[in-house]
Each structure stands twice: as structure tokens, then as C-alpha cells.
1. Note down the nm distance, to one decimal, between modelled labels 7 Å out along Cα→Cβ at Lys20 and at Gln57.
2. Given Cα pairs under 8 Å that are at least 6 residues apart, what percent is the relative contact order of segment 150-254?
3. Please report Tyr125, Tyr412 as a ranked list, fewest other C-beta atoms within 10 angstrom at the top and most at the bottom.
4. Which loop-located trypsin sites (Lys or Arg not before Pro) does segment 415-462 contain, where loop means any DSSP state but H, G, I, E or B and the Cβ has at most 13 other Cβ atoms within 10 Å?
5. What is the local net charge at Leu249, summed over the other residues whose Cβ is closer than 12 Å to its Cβ (Lys, Arg +1; Asp, Glu -1)?
6. So how do Met246, Met101 line up by other beta-carbon neighbours within 10 Å, fewest first?
7. Determine, for Lys468, Lys408, the number of other Cβ atoms within 10 Å of each Cβ, and report the residues in order from fewest to most.
8. Where does the charge balance sit around Tyr445 when Lys and Arg score +1, Asp and Glu -1, over other residues with C-beta under 9 Å from its C-beta?
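A short reminder: the numbers here are calculations on the coordinates, not readings from a lab. Just so it is clear, the model here is predicted, and its values are computed rather than measured. Glycine gets a Cβ as well: all are built from the backbone with ideal geometry, and neighbour counts include every protein chain shown.
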Amino acid sequence: MIFNPNSNRHRKQLQISERKVLIALGDIAAVFAAVLIALRIWTLVAGYAFTIEFVLQQGLWFIVLAGLWLLLAAVNDFYDLRVAAKWSRTLQRLLIITAQMVIVYVLVFFVSDRDALPRLFILYYGVASFILISLWRFSRPALLGWASQPRRTLVVGTGWAAETMIDAIKHDASDEYDVRGIIGSPEEVGTMLNGVPVLGAGADIMNFVFRDQITEIIITGTHELSGTTFQAVMDAYERGVVITPMTLLYERITGRVPVEHVNNDWAVVFLPMQNTDGMFDPYPFLKRTFDILFALVGLLAFAVVFPLVVLVVRLDSRGSIFYTQERLGRNGCLFRVIKLRSMVPDAEAATGAVFSKRGDPRVTRVGRFLRRTRLDEVPQLINVLRGDMSMIGPRPERPEHVQRLTQKIPFYRTRLIVRPGLTGWAQVRYDYGSTDEDARAKLQYDLYYIRHHSLLLDFNIMLRTVGKVLSMSGV
């Protein structure tokens, strides 16, 4: 018997992307209001008339501060729903963003003409925006109601893919998704998978859609759906239920591609790589232009401290200043990466090619400082100028490791279809790794970058990298 769909009608629920947009719109409204408040205080202190003409003359501040806010918010994961759902995390990130914004303003202030920028305007704005955005974020659940309710979800399919998806939701989107149950085979009904019950088979989907007011169904493997299950999923789709492949949802909430669970859906990895509409894509040209400019500026800056680096490396241990090593680049082409030597000479004479790890005894005293500050990586800017590497991309790996990991990890060689980078999405989102399992996790981030690469994402990674360098978290 089918559950009555007209009983207990539920309110519309927003998808993750829609919720993020709604939160961002509220933030921007708060930023605009804070600019108005700051302008008003500015006129009171300076004795100006607060008129529409005055506000219009200062209209650029609305655009600049809104743009700066969105950039800093994105870099600090302020629209990560795990952060937005926790008041303490939200307040902490808001303090960091406000401080960063003030620092940017101060830097610009000191290189600008004395009267080009108002001295205390940014202080007024910082205080006002902090208060207004705090109030918006704190009151959002009460104001939006239905938009803050978890999405009631069914998972279709069992096995590792379903277990991985449920685990990702618990760790990364527990406040956004309420997994009501799993649809499996008749023999599996009544069992539990990762703490979630198998409620029924494919023919029962609509019963649970109506009973539990399901708003989204997660499909863990389209090639495994029976005709009955497929038809039930289509019936739910016609009723307005969102149908989402597991691989895409996992990618959306974690920032990684689940390589172990792609299976026959290999197009999920390669789909965005081709520009099939025949239009000119400016991204490769702009990316290479920025690579050259950043590399030149970086090498010029490094030249200032290079004599001191040479001296301390020489005094600390015998051996050469530089160290070169074979790596695999784009399309599997071999090149030699250039680094400042941070280990004792012949460090791998007894072990062969192995991953470095925390507390590695082969690292010298000066080398430990070079690695923590990432100074040992700076000579790779020469590789960037040569075209072996880019500023942003998957880190280049040694041929021995690639050969081994290709046998163990699906799609591992896919990371070779783009130019490797000095830093990358995996480096700013994942801690230092020294095992094959760490390599698997990093590949998931690398594939996410390959699928979504853009100038905005590259800039995001660059800013995060600066934070990593300043934190001296290198190994």
C-alpha cells in the first residue's frame, strides 16, 4: 500500500549550493549596510554632509569591500556548511577574516597617497560588519526556517560506496543531511550499514519518499540499478525529489573525487577537461602568463636572501647547496626538480626511494628550518620558468612512486594530464602525507582540482599557501 502523499506536506528545502548562495547574499547585505554605517560615522567625525550624492561618490567602497569580503570568506572556508552550522567556528572565522581585511587595508593605505584613503573608515567598517554579519549568521536558522533544516535523504545501494557516502555525510555535512535509510536488496532489509538501517527494496522507494518526506535520493551506482528500482527513482524524480549520484555529492561536500568508487562512471574524472564548444579558452594562456610573472618576482626576492642561505647550508653540513631529483611531469615526461638540499648527502643510499616523514632523521638542522618555511622549494621557480611545472597543480611525484601507486590506486596517472605545481589543492587541504593511503587521499584532492581548475581556484590556493608558509607547518 502506498503512503498518502498529501498527508503532512513538507516545506521546500534548499540544496547545498542554494544554501551557500543564500548565506552569501545575507553576508553581502550586511557588508553593504556596514559600509553605509561607516560612511555615516565618517561624515559625523569629519563634518561632512551625509547625502545621497556623498554616498554615490563613495560607491566604489561597496564594490571593493564586498569583493574583498567574498574572496577572504572563500579562502577561510566561511561558506563551508560545517563552519556555518557552528556558532563558535563562525565567530572564530569571522574574527580572522575581519583582521585580514584590516591588514589588507593598512598595507594599501601605506603605499597610497596620504589623502587617497580615509584613515579610520576601515575601522568603522570592520566593527560594523563584524556585528552585522554576526547577527545575520546567528539569526539565520530563525529567519530562514525551512532553509536550515537537514535534507531528508535515502541512499540507494549498499556496499563500500554507500558506506563511504554515509561516512562523508556524518563527518562533513551532518547538519545538512538526514539520512533516513538505505534501499538495498530484499535479503538486506533489516540490516544496518554504518549505523543506518536498510529499510526496503527498490519497489518500496515511493513509500518512504511519502512517509519520510524525502527531498533527495543518493544513487551509489547507476549500473547496479534494477528495472524496478530505476522506475521508482524516476517516479520520485517526477515528484520533485532531487536525484544525486554519489560521486558528485561526495565531491561537493568534501572537495575530493572518490576514486575508489568511480567504477564504470570514469567520465566523472575526465568530463570537464575538454573544451568541446570550439570557443577559445583563455585559462591556459593566463595561467602560463601568471606562472612566469610570479616565478620572476619570486626568484628576484629570493636572490636577496640567497647568500645567507648558501652560508648556513654550507656551515651546517657538507655537500652541495642544490639538490635535483627526477620527477614525472605533464603527460609523464621526465624532468629534474630543483630544490635546496635539506637532507644529508646520499640520504637514500640505504633505503632507496621512500617518502619523507615527520621527524625524518635524514633532515639536517638547517634543512628542518628550510622545510618548515618551504624555502627549500623556492628553486623550483626555475622549473616553472622552464615550463616543467606551474605555480598551481598536483605536486610532481617520483617515477618509482608513480609506478607503484598506479598499481594500487585507481586513476593515479590521471594527475599527469596537467602540468604539476609548486603548490596545489591537496597541499592546502590535506596534512603532510608519508604513506600510500595519504597518496590516495591527496589524489582525490588533485582530481578535484583537475575537474574544477580556474583562475579563482588558483588564487584561492595561492592565498591558502601563504597561510601555510606563515604557519611554518612544513615537514
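1. Taking the two extended label points, one gets 4.0 nm.
2. 31 percent
3. Numbers: Tyr125 26, Tyr412 22.
Going from least to most buried by this count: Tyr412, Tyr125.
4. Numbers: sites: Arg415, Arg429, Arg440, Lys442, Arg451; in loops: none.
Answer in residue order: no site qualifies.
5. Details: positive: Arg151, Arg252, Arg256; negative: Asp172, Glu176, Glu216, Glu251.
For residues surrounding Leu249, the net value is -1.
6. On the way: Met246 25, Met101 21.
With the sparsest Cβ surroundings first, the list reads Met101, Met246.
7. Numbers: Lys468 15, Lys408 11.
Fewest-to-most Cβ neighbours within 10 Å comes out as Lys408, Lys468.
8. +2
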